[in-house]
1. Determine, yes or no, whether Gly62 is among the small types (Gly, Ala, Ser), without any contact (Cβ under 8 Å) to a residue 12 or more places away in the chain and not in a loop (DSSP other than H, G, I, E, B).
2. Would you be able to tell me the number of residues in the range 181-204 that are within 30 Å of Val116 (Cβ to Cβ) and open to solvent by 90 Å² or more (accessible area, probe 1.4 Å)?
3. Residue under question is Val98, and the condition is that it be open to solvent by less than 20 Å² (accessible area, probe 1.4 Å) and touching a strand residue (DSSP E or B) at 6+ places or on another chain (Cβ under 8 Å); does it hold?
4. Within the range 76-95, how many residues are on the phi < 0 side of the Ramachandran plot and either buried (at least 22 other Cβ atoms within 10 Å of the Cβ) or among the small types (Gly, Ala, Ser) (or both)?
5. Please verify whether Ala207 is among the aliphatic types (A, V, I, L, M), out of contact with any strand residue (DSSP E or B) (no Cβ under 8 Å at 6 or more places or on another chain), surrounded by 17 or more Cβ atoms within 10 Å (Cβ to Cβ) and at pLDDT 95 or above, treating the condition exactly as stated.
6. Which of the residues spanning the range 141-156 are outside any loop (DSSP other than H, G, I, E, B) and closer than 16 Å to Met110 by Cα?
7. Pick from Leu206, Leu236: which is over 30 Å from Leu34 (Cβ atoms), hydrophobic (A, V, I, L, M, F, W, C) and in contact (Cβ under 8 Å) with a residue 24 or more places away in the chain?
Amino acid sequence: MQQTRVEAVRGYYARFLQALPTISDLAQVDDDRLMKLWEGLGYYNRARNLKRAAVTVMEEHGGAFPDTHAEILALPGIGPYTAGAIASICFGHPYPAVDGNVLRVWARLMASSDCVDLPAVRKRVTAELETLLHHTDPRDFNQAVMELGATVCLPNGAPLCHTCPLAHLCRARAAGNQLQYPVRLKKRPRREETMTVFILTTGDRLAVEKRPNAGLLAGLWALPSVPGELDEGAALEQTNAWGADPTELIRASRRKHIFTHVEWHMTGYYIQCRTQSPAFTWATPDDRAHQVALPTAFRQFLTD
């Protein structure tokens, strides 16, 4: 939910908790099952860190989630924002939860031209807010400011200043230049990569493989792929080279997928094969439904 809207995540959250209702369940879950529950959300390292944190809670805290800010911050995958949110909202400790929404509200209130992407600025805002939290309920304060940024002091388009409870304090509103804030670093253009993806089938089985343990989509299941854009002849030759003995190239399809820093331009070839090459795992429909989690970049080739 740090990356998208609550509505987009709600169904995943309910399904995740139904399958893994306790910290112990999460600590013991098989990695493929964990990835299947997470399938489609992206940011797969977050799922791995959730499991690592659960293991730490079981091994170092006797299965009870820690209730101090320092111990929460020490858990795998938890940074200052998440630690502040948990410590304040769950346990009432006076720690700020400074996310993009909070930084936007702060920048407009103060009409600050400081770049909110700089760690020093985030640290200073955190320190300033921490002084306020000793004089109010940290639960209410943090949730209120985050909600204000999400629903009133909007990130895209004009803020809804006429409904804002802080409008009378807002320096940007007084100057009429709300959209100048917050100041952000200029984003670098995404790197574009071209690749050829293979949708290889023998009967109802689909060829999948595990990606390398480092790099983009590390360690996840994927459709076979090679860099660059192959034509039909070269795609059949590549399939032969893998030992899959292609019998028919059914069709081709083009897809695009955007990551944070990379944009993939993909040509996919749907090829019926005679041989289940040992170069791949040939997943059954049941495997794909329950164990093999394909990232959206590849899963989109299976939706039409």
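1. Working: among the small types (Gly, Ala, Ser): yes; without any contact (Cβ under 8 Å) to a residue 12 or more places away in the chain: yes; not in a loop (DSSP other than H, G, I, E, B): no.
When the stated conditions are applied, Gly62 does not pass them.
2. Final tally of qualifying residues: 9.
3. Working: open to solvent by less than 20 Å² (accessible area, probe 1.4 Å): yes; touching a strand residue (DSSP E or B) at 6+ places or on another chain (Cβ under 8 Å): no.
Answer is no for this residue.
4. In the first step, residues of the range 76-95 are kept if they are on the phi < 0 side of the Ramachandran plot; the result is 76, 78-91, 93-95.
From what's left, either buried (at least 22 other Cβ atoms within 10 Å of the Cβ) or among the small types (Gly, Ala, Ser) (or both): 79, 83-85, 87-88, 95.
Looking only at that region, the number is 7.
5. Values: among the aliphatic types (A, V, I, L, M): yes; out of contact with any strand residue (DSSP E or B) (no Cβ under 8 Å at 6 or more places or on another chain): no; surrounded by 17 or more Cβ atoms within 10 Å (Cβ to Cβ): yes; at pLDDT 95 or above: yes.
For Ala207, the condition - among the aliphatic types (A, V, I, L, M), out of contact with any strand residue (DSSP E or B) (no Cβ under 8 Å at 6 or more places or on another chain), surrounded by 17 or more Cβ atoms within 10 Å (Cβ to Cβ) and at pLDDT 95 or above - is not met.
6. If we filter the range 141-156 for residues that are outside any loop (DSSP other than H, G, I, E, B), which is where we start, we get 141-151.
Answer for the range 141-156, where residues must be outside any loop (DSSP other than H, G, I, E, B) and closer than 16 Å to Met110 by Cα: Val145, Leu148, Gly149.
7. Details: Leu206 fails: over 30 Å from Leu34 (Cβ atoms).
After applying the criteria, what remains is Leu236.
The values are calculated or read from the model by the stated rules, or taken from the named source; none is laboratory data. Please read all numbers here as calculations on a predicted model, not as lab measurements. Quick reminder, even Gly has a Cβ in these numbers, built from the backbone with ideal geometry, and neighbours come from all protein chains shown. The area values use the complete protein model at the heavy-atom level, side chains included, leaving out ligands, DNA and RNA. Shrake-Rupley method; radii C 1.70, N 1.55, O 1.52, S 1.80 Å.
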